[in-house]
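Asker: Have a look at this one before I ask anything.
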């Protein structure tokens with residue numbers, strides 16, 4: 001800015017009271033700003049001011065007023081945003097302090113800004129303008145489509161319904177904040193200096209050691225810390241494996257489309273039929289359709305979403321297949337800690353650690369926001385997996401890893417899992433009771449473990465009709481058909497069913513969600529849909 005701007009305004013304009021609150025005293029307001037700029041503190045504010053020289057150039061105060069109004073009008077400065085002090089902004093722009101103070105006072109008088117003693121000058125609470133490109137409110141048809149599950153990584157959780165019974169998240173309101181904070185203080189206090197530098201490609205050694213002990217004790221996994229790779233979520237682990245293991249990959253006929261999205265850029269997926277005993281793994285040996293398959297992704301402890309554990313004969317069959325052919329089993333143990341009416345099902349990895357990759361995550365036991373997952377790899381696969389990491393995938397956040405390590409070692413993780421196991425079991429029981437009372441023709445299946453149930457619809461009620469009724473009631477959940485592999489045969493067609501994530505709502509919201517679910521299905525049944 002030209003120096004002439006600094007003295008182009010008449011002196012004597014007042015500044016809103018409170019605007020000088022807490023500012024350094026002892027300097028003249030008209031003191032040249034450049035001499036004191038190195039002592040300025042405060043927040044930064046970018047304003048586009050026109051040049052100060054030339055014919056027709058606006059006066060400094062007018063230019064500043066126009067720039068501030070424009071920034072507020074367009075939404076770049078949101079309501080409540082605190083502006084720099086007049087002294088700081090004057091120094092940054094090369095203006096006289098009275099010029100800035102006068103502009104602030106005028107905008108306060110006009111209602112653009114507000115100034116209060118002790119809180120400085122802020123953008124006033126005004127109607128926030130719609131940013132460019134904001135989508136219009138959906139039409140009724142569009143709203144109905146939005147109520148159905150979208151497995152796009154960008155859209156999955158963008159819209160929050162009134163009653164959220166979708167799968168994919170636990171009750172995040174139950175996150176153990178106090179215990180986590182205690183572990184955070186302990187972990188960061190004890191962290192060595194090198195923990196604040198670039199992390200280990202495998203993950204923090206403290207977490208890998210804690211995981212090795214916990215997984216061996218609680219899930220029957222044979223784990224060595226040097227064979228554990230910590231990932232930024234389950235998705236990253238699957239993507240790394242898809243790149244490190246060439247060839248087609250078999251996946252369960254019913255499963256998360258998200259998994260296929262992760263695998264198919266690097267490999268073709270082949271649907272493996274599923275029945276009441278889990279995936280039909282014997283077909284890997286007998287069906288020519290799977291002759292070129294080099295790996296298979298399974299959910300053996302609790303098939304997703306049907307809810308059945310993999311039968312012992314089929315567990316043995318898939319491990320034998322992998323050992324005989326040099327294949328690989330990818331074991332997704334997404335909710336193995338939550339079981340209710342059955343004995344614990346140990347990890348498949350314990351049968352053959354050199355042919356099975358164990359994949360676990362903190363998403364279901366704690367919260368998806370942690371973005372922490374882990375793979376227990378066969379020894380021969382550690383280096384190939386690390387070699388596929390791009391610079392953007394090199395390490396996960398070290399601090400959360402250190403906190404989780406302490407959380408595991410102090411027993412807080414076990415205590416939290418036990419508490420949540422009791423809570424989810426109670427919710428499952430309430431779901432079954434409410435269905436029996438209000439929609440007796442519907443059946444909840446796959447409920448011996450996990451955080452969801454498959455709800456078989458009453459005769460004559462289709463998935464589409466049920467979804468329409470649930471949308472009107474503000475309930476969002478997933479139809480079973482959405483989990484079916486697109487290239488798997490539908491002969492005979494599956495029974496119409498819904499997948500109810502009873503673990504998702506907060507505790508205070510579960511009763512209302514359950515009432516809305518049962519009410520909508522009962523009404524749908526009465527209407528003969």
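Asker: Checking the condition in contact with a helix residue (DSSP H, G or I) (Cβ under 7 Å, 6 or more places away or on another chain) and touching a residue at least 24 places away in the same chain (Cβ under 8 Å), which residue from 304, 340 passes?
Answerer: Testing whether each residue is in contact with a helix residue (DSSP H, G or I) (Cβ under 7 Å, 6 or more places away or on another chain) and touching a residue at least 24 places away in the same chain (Cβ under 8 Å) leaves just 340.
Asker: Considering only the stretch 449-487, how many residues are in a loop (DSSP other than H, G, I, E, B) and either within 23 Å of the chain's Cα centre (by Cα) or crowded, with 17+ Cβ neighbours inside 10 Å (or both)?
Answerer: So the answer is 10.
Asker: For the stretch 107-127, which residues satisfy the criterion of being closer than 15 Å to residue 70 by Cα and in contact with a helix residue (DSSP H, G or I) (Cβ under 9 Å, 6 or more places away or on another chain)?
Answerer: Correct list: 107, 110, 112, 113, 123, 124, 126.
Asker: What single numbered condition from (1) under 21 Å from residue 170 (Cα atoms); (2) in contact with a strand residue (DSSP E or B) (Cβ under 6 Å, 6 or more places away or on another chain); (3) in the same structural domain as residue 217 (by TED's automatic domain parsing) fails to hold for residue 403?
Answerer: Of (1) under 21 Å from residue 170 (Cα atoms); (2) in contact with a strand residue (DSSP E or B) (Cβ under 6 Å, 6 or more places away or on another chain); (3) in the same structural domain as residue 217 (by TED's automatic domain parsing), only one is false for residue 403: (2).
Asker: Being in a strand (DSSP E or B), out of contact with any helix residue (DSSP H, G or I) (no Cβ under 7 Å at 6 or more places or on another chain) and over 25 Å from residue 350 (Cβ atoms) narrows it down to one residue among 265, 271; which is it?
Answerer: Selected residue: 271, the only one of 265, 271 that is in a strand (DSSP E or B), out of contact with any helix residue (DSSP H, G or I) (no Cβ under 7 Å at 6 or more places or on another chain) and over 25 Å from residue 350 (Cβ atoms).
Asker: Would you check if there is a residue in the stretch 420-438 being under 21 Å from residue 339 (Cβ atoms) and assigned to a loop (DSSP other than H, G, I, E, B)?
Answerer: Scanning the stretch 420-438 turns up no residue that is under 21 Å from residue 339 (Cβ atoms) and assigned to a loop (DSSP other than H, G, I, E, B).
Asker: Also, I was wondering about something else. Taking residue 504 as meeting all but one of (1) surrounded by fewer than 17 Cβ atoms within 10 Å (Cβ to Cβ); (2) farther than 20 Å from residue 464 by Cα, write down the number of the exception.
Answerer: (1)
Asker: Mind listing just one residue for me: the one in the stretch 406-419 that is surrounded by fewer than 22 Cβ atoms within 10 Å (Cβ to Cβ) and under 21 Å from the mean Cα position of the chain (by Cα) and, of those, farthest from residue 352 (Cα to Cα)?
Answerer: Checked the stretch 406-419; the qualifying residue farthest from residue 352 (Cα to Cα) is 416.
Asker: What is the residue count in the stretch 462-476 for residues that are closer than 14 Å to residue 161 by Cβ and touching a strand residue (DSSP E or B) at 6+ places or on another chain (Cβ under 8 Å)?
Answerer: Count: 6.
Asker: Against the condition crowded, with 22+ Cβ neighbours inside 10 Å, under 20 Å from the mean Cα position of the chain (by Cα) and in the same structural domain as residue 368 (by TED's automatic domain parsing), how does residue 238 come out, does it pass?
Answerer: yes
Asker: Can I ask one more? Here are 210, 216, 223: which of them is assigned to a helix (DSSP H, G or I), at pLDDT below 95 and either out of contact with any strand residue (DSSP E or B) (no Cβ under 6 Å at 6 or more places or on another chain) or within 21 Å of residue 380 (Cα to Cα) (or both)?
Answerer: 216
Asker: Return the residues of the stretch 244-255 that are farther than 24 Å from residue 278 by Cα and at pLDDT 90 or above; say none if nothing qualifies.
Answerer: 244
The values are calculated or read from the model by the stated rules, or taken from the named source; none is laboratory data. Please read all numbers here as calculations on a predicted model, not as lab measurements. Positions of Cβ are backbone-derived with ideal geometry, glycine not excepted, and every protein chain shown enters the neighbour counts.
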